[in-house]
1. Subtracting the Cα-Cα distance from 0.36 nm times the residue separation, let me have the gained length for residue 167 to residue 23 in nm, one decimal.
2. Please work out the FRET efficiency for the pair residue 34 and residue 84, using the Cβ-Cβ distance as r and a Förster radius of 22 Å; give the result to the nearest 0.05.
3. Any chance you could run the full-extension gain for residue 107 through residue 154? It's 0.36 nm times the residue separation minus the Cα-Cα distance, nm to one decimal.
4. Working out 0.36 nm times the residue gap between residue 132 and residue 50, then minus their Cα-Cα distance, what length gain in nm do you get to one decimal?
5. Take every Cα-Cα pair in region 31-162 and report what % of them are more than 21 Å apart.
6. Within 10 Å, count the other beta carbons around each residue, average over each peptide in 11-23, 130-142, and list them highest first.
7. So for region 1-156, averaging the separation of alpha carbon pairs under 8 Å that are six or more residues apart and normalising by length, what relative contact order in percent results?
């Protein structure tokens, strides 16, 4: 199966669910926001404030496309679907699961949208972002998991694992041995870089 990528809105639980799913699968875990910050040498919100949303989305695409790993659960930023190269790279590495959360639940979860490093233009609301991105999440997802109000974290993780088992029967019985590096060449690329 390679990797598993969780996509969805800010506040959908990609990182939290991703860590727990990775533990259940015996996989590594990767949050691509950290790759962006490392490559840019700045915090996400500082990048957005200094360079704007288009630059941020390009930086996100560069960072995501630099990821080379196997047997990882990957949690990209909610805006990863805004650049086709980024989401295409993730899809080429394994299945993509959309954590779909209703707007009212997102509003209850997010209290710092303007300062949490989310790619939104001045004046954009959570509703605006969801309206733009929801069709993209649906388009790129291989499976959709509804994270509903009142649902426990364990229930959401279980639903994700059920989806993955359907996409790749026997997945949950595999030997855990995460491999690969983040943003580093592998194979022939690694030999050429030496």
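1. 50.0 nm
2. Values: r = 22 Å, r/R0 = 1.02.
For R0 = 22 Å, the calculated efficiency reads 0.45.
3. Values: separation 47, 0.36 × 47 = 16.92 nm, distance 2.12 nm.
Result: 14.8 nm gained on full extension.
4. Numbers: separation 82, 0.36 × 82 = 29.52 nm, distance 2.35 nm.
Between residue 132 and residue 50, full extension yields 27.2 nm more.
5. Numbers: 3782 of 8646 pairs.
Here the tail beyond 21 Å accounts for 44 percent of pairs.
6. Values: 11-23: 20.6, 130-142: 15.9.
Going from most to least packed, we get 11-23, 130-142.
7. Numbers: 246 pairs, mean separation 54.4, N = 156.
Reported as a whole number, the value is 35 percent.
Since every read-out is calculated from the coordinates, none of them should be taken as a lab result. From a predicted model like this one, the values you see are computed outputs, not experimental measurements. As a convention, Cβ positions derive from the backbone with ideal geometry for all residues, glycine included, and neighbour counts pool all protein chains shown.
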